[in-house]
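First comes the structure, then the notes that go with it.
Bear in mind these aren't lab numbers, they're just calculated from the coordinates by the rules spelled out. Worth saying up front: this structure is predicted, and the values here are computed from it rather than measured. Reconstructed Cβ throughout: ideal geometry from the backbone, glycine too, with neighbour counts over all protein chains shown.
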Amino acid sequence: MRDAQPRATLLQDYSPPAYLIDRTELHFLIEPGATTVRSRLHMRRNPAATGDGTSLVLDGCNLRTLALAIDERPLTTDDYLIDGEQMTIASVPERFALEVVTEIEPEKNRSLEGLYRSRTMYCTQCEAEGFRHITWFLDRPDVMSVYTVTIEADRAQCPVLLSNGNLVAQGEAGGGRHWARWEDPFPKPSYLFALVAGDLDRFDDRFTTCSGREVSLHIYVEPQDLDKCQHAMDSLKRAMRWDEKVYGREYDLDIFNIVAVDDFNMGAMENKSLNIFNTSCVLAKPETTTDAGFQRVEAVVAHEYFHNWSGNRVTCRDWFQLSLKEGFTVFRDAQFSADMGSATVKRIEDATLLRTVQFAEDAGPLAHPVRPESYIEISNFYTVTIYEKGAEVVRMLHTLLGAEDFRRGSDLYFARHDGQAVTCDDFVRAMEDASGRDLGQFRRWYSQAGTPQVTAIGNYDADTRRYSLTLRQHCPPTPGQPHKEPLLIPIRLALIGAAGALPLNVRGSVVDFTAPDRTEVVVALREAEQRLEFENVTEAPVPSLLRGFSAPVKLQHDYDRDQLQTLMRLDSDGFSRWDAGQQLAVQVLQALIADEAAAIDPRLIDAYRAIMADDSLDPALLALMLALPSEAYLSELATRIDPLAIHRAREQLSDHLAAVLSDAWWRLYRDHSHSEPYQPSATQIGGRALKNTALQYLMRLETPDILHCCEQQFQTADNMTDTLAAFSALVNSSAEEARAAALDSFYQRWQHEPLVVNLWLQVQAGCRRPGTLATVLELMQHPAFDRHNPNKLRALIGAFCSQNAINFHQPDGQGYRFLADQIIALDASNPQMASRFLTPLTRWRRYIPQAATLMREELGRIMAESGLSRDVYEVVSKSLAEDPDIERRKAE
Ligand code: TRP
Ligand code: ZN
């Protein structure tokens, strides 16, 4: 709990650790109600330390300290002082062994940090600062140590005992107990330590690395889940092979373990050779898992595996460098997913996430650079900015340098820094040194927060056959950063004529031609304003800008609706083609938001009809093109968010599209309802996405025909994608009987599969019908709910507050009050989760006044609670703070 005034940690205060820990020996005695941890740390003074004192400061949190000794000499209470989360030992030698005995109680640990119990197993989560919940330590990533870990527990309760590295010894301990000893030869920071003890089944496979070494692969799960491991295992092997081929990275130990845990704050954790996964990110089988679920498992398994090099072998110097490992690893997993499935679809999904969630973060009170300069609680900085914008920054380096130089740069980075704890700047320097390019201006992407706005103005002169394009950039102020410098922004572009992309003769800051026929260029925008001249342009072109979403910026160009239709038909870049459709729909929706009687532009209907009839379009891309921009995206674009008007407009347009295009929807629905055995392949996934998009539109009509088809699909589907699509459509319909029957039968059928029950909760929490808050409150009393399980909390409370604007934002403010109540209750046991749930309230300033006032009141009510965690305190106080710089700039 919070000590009086939580203090911020600053990047500028970084100094190297005063001591190093060469070896760490840990001994865990696991007993019901109390686990004893004995540690022996082989320490020495750091030659690189800046100070010259002889005192030692250790981190620890909620520990019962039973004994301390230096070189076998017990310490008395005169020798050390414990103050909050720090222990200072007044004087220590140059080199010594520190012994510590602590007692902890994993059974009572609901924060899911440190050592805790999930159902029947013990497990750990140490990133970022969880290790200090286990024992006193230098709990910072630049202290790297070689670990030997001995675990002793009851054999019947915990037949499986795991830690990092290799199993080196095991034996009986008497009284039905046994022990195992693990040794990890690679020095690592404490955040990568892991331990698991429990009664688990094992799914096995092997992998032969590129140099011919054999690696044993194991996935540990609760016995009932052994039938859901194949997909994760296949994904792991694909990721291992891909990292060898694309990055030249080989796995470095003889064993790689994954453990599935049901209570987990995040997706998964890359602990050295012992990855721990949220069950939702590892278990999959067709009957219980949707296509999105299969893809998520593949992506997360790959992400955690890729961390072995980008994160573990080369780690972070301090937590301000978090994006060094996360941004790079997200970029790597995105490249992998693109190679495994549809690259265009993956790019559209990632750009959508960035434009909705990340742009909103960057425009709010918690905006921070990819490399932040200050934090109160580091857990609050596992954000879309660090992860997704950080990945975009790496992607821009890839775009600017080209694949070959980028690979040279990453090879140099891994070779130069193997075994080290380094900074984002070290990464950029490796890219610079390998490519010979100056990335000075580019570095601003790491230090400057906010989403740049790029405006493009085109002008065609038919007489001279010249097309000029003026590009301007501007970045709005963010907290603590009133003024911004111009960034280096790679803009991929083409000019589209009546028959497609035109060959380009261009003068200006062109980085590269990216298509062999010279129809596409990457332009480096460096100045606040820059002009490009294209020559020999034979017709008035439509510019295709920011192709492939080449930079995380908002690009503004005044397209008219005919030009957008042209791009929808002819653009050879899948992302831009999709984006043109989105822009057209946004224009129509914005008119409806402003005035519900506005006429719906028939050009949108024509465009939809045209793409629905275009059999050359990839079904997966078509499904995305037929989905209207989300309420979240429309909110992001609004100057003042009126959630009810946005919802009403989007419903109105959806209903209209459903009705006027019903024949075309029926055709798509029928054409893509085939019955091959389920495969999570890109082709099948695209077909199902398209069919279920058609189903959603048709169900708005609620005709007997479609209701019948939907019920039929719900009852007979052999896979969760089709089951869930039909279930969700029924739950959102007004066909009361069918609705009630579906809710009941779904639960009856799947009540013994926790991950499916979560889907059942989530669909109900996301239901757009009135009265959903009452349903959510009822479901919180249902036996299927568990207020300590993060997946259940996300399925019910998270889905209601972040994916159900119409109900969450009811004008009476009950939605906000509900969320604040949940956050206050949760903060006492799990601050990380409580803090994450605050996100929708932090955006209060962007809403219309009625909503904003009510949201701010709830933040104030949370702030008034005593004993808030650092996590919640930081987010609430920053959300309520007035930023004088921003207020002033807005007034100007
Ligand atoms: N490093 C993990 C990842 O990106 C993130 C993570 C897992 C995490 N569990 C956590 C971060 C708990 C903070 C707290 O894969
Ligand atoms: Zn990660």
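Quick notes on this structure:
- Residues Glu183, Glu857, Glu326 arranged by fewest to most Cβ contacts within 10 Å: Glu857, Glu183, Glu326
- Under the Debye formula (equal points on every Cα, no solvent term), log10 I(q)/I(0) of region 758-836 at q = 0.17, 0.26, 0.27 Å⁻¹: -0.59, -1.36, -1.43
- Whole-Å distance, taken between Cα centres, linking region 219-261 and region 119-143: 23
- Taking amide H as placed 1.01 Å from N in the peptide plane, the amide H of Val422 sits under 5 Å from that of Thr315, Cys316, Arg317, each at least 5 places away or on another chain.
- For region 700-853, the convex hull spanned by the alpha carbon atoms encloses 121 Å³ per residue.
- In degrees, nearest ten, helix 754-765 long axis to first principal axis of the chain (Cα): 50
- Mean residue ellipticity at 222 nm, helices only, the chain: -12000 deg cm²/dmol; runs of at least 4 DSSP H residues each add -39,500 (n - 2.57), and the sum is divided by the number of residues.
- Potential lengthening between Glu244 and Gln850 on full extension [0.36 nm per residue; Cα-Cα distance subtracted]: 212.6 nm
- Label point distance in nm, Asp433-Glu287, each placed 7 Å from Cα along Cα→Cβ: 5.6
- When Rg and the Kirkwood radius Rh are both evaluated on Cα atoms of region 614-655, their ratio Rg/Rh stands at 1.12.
- Working from label points 7 Å from Cα in the Cα-to-Cβ sense, the Glu702 to Lys108 distance is 5.3 nm.
- Residues Val876, Val143, Val101, sorted so that the one with the fewest Cβ neighbours within 10 Å comes first: Val101, Val143, Val876
- Net charge dipole size for the chain [Lys, Arg +1 and Asp, Glu -1 on Cβ; Debye, nearest 20]: 820
- When the chain is reduced to its Cα atoms, the Kirkwood hydrodynamic radius in Å: 29.2
- Per-q log10 I(q)/I(0), region 505-565, q = 0.19, 0.22 Å⁻¹ (Debye; single scatterer per alpha-carbon; no solvent): -0.92, -1.23
- Taking amide H atoms as placed 1.01 Å from N in the peptide plane, the amide H of Thr9 lies under 5 Å from those of Tyr375, Ile376, each 5 or more residues away in sequence or on another chain.
- Our coupling estimate for region 417-431, obtained by passing each phi through the Karplus curve with A = 6.51, B = -1.76, C = 1.60 and θ = phi - 60°, is 10, 3, x, 10, 10, 10, 10, 4, 5, 4, 5, 5, 5, 4, 5 Hz, Gly and Pro reported as x.
- Percent of beta bridges antiparallel (DSSP, region 192-312, rounded to nearest 5): 50
- The chymotrypsin sites (Phe, Trp or Tyr not before Pro) of region 15-122 include none that DSSP puts in a loop with a beta carbon having at most 16 other beta carbons within 10 Å.
- Multiplying the residue separation of Ser55 and Asp718 by 0.36 nm and removing their Cα-Cα distance gives an extension gain of 232.2 nm.
- Toward the positive end of the charge dipole of the chain, with +1 on the Cβ of Lys and Arg and -1 on the Cβ of Asp and Glu, the farthest Cα among Ala784, Phe256, Trp242 is that of Trp242.
- Summarising the label geometry, the points placed 7 Å from Cα in the beta-carbon direction at Ala97 and Asp205 lie 4.3 nm from one another.
- Between helix 849-863 and the chain: long-axis angle, C-alpha atoms, 0 to 90°, nearest 10: 0
- By the count of other C-beta atoms within 10 Å, a proxy for reagent exposure, Met612, Met625 are ordered fewest to most as Met612, Met625.
- Couplings 3J(HN,Hα) for region 88-100, derived from phi with the Karplus relation 6.51 cos²θ - 1.76 cosθ + 1.60 (θ = phi - 60°), are 10, 9, 4, 8, 10, x, 4, 9, 6, 10, 9, 10, 9 Hz, where x marks Gly and Pro.
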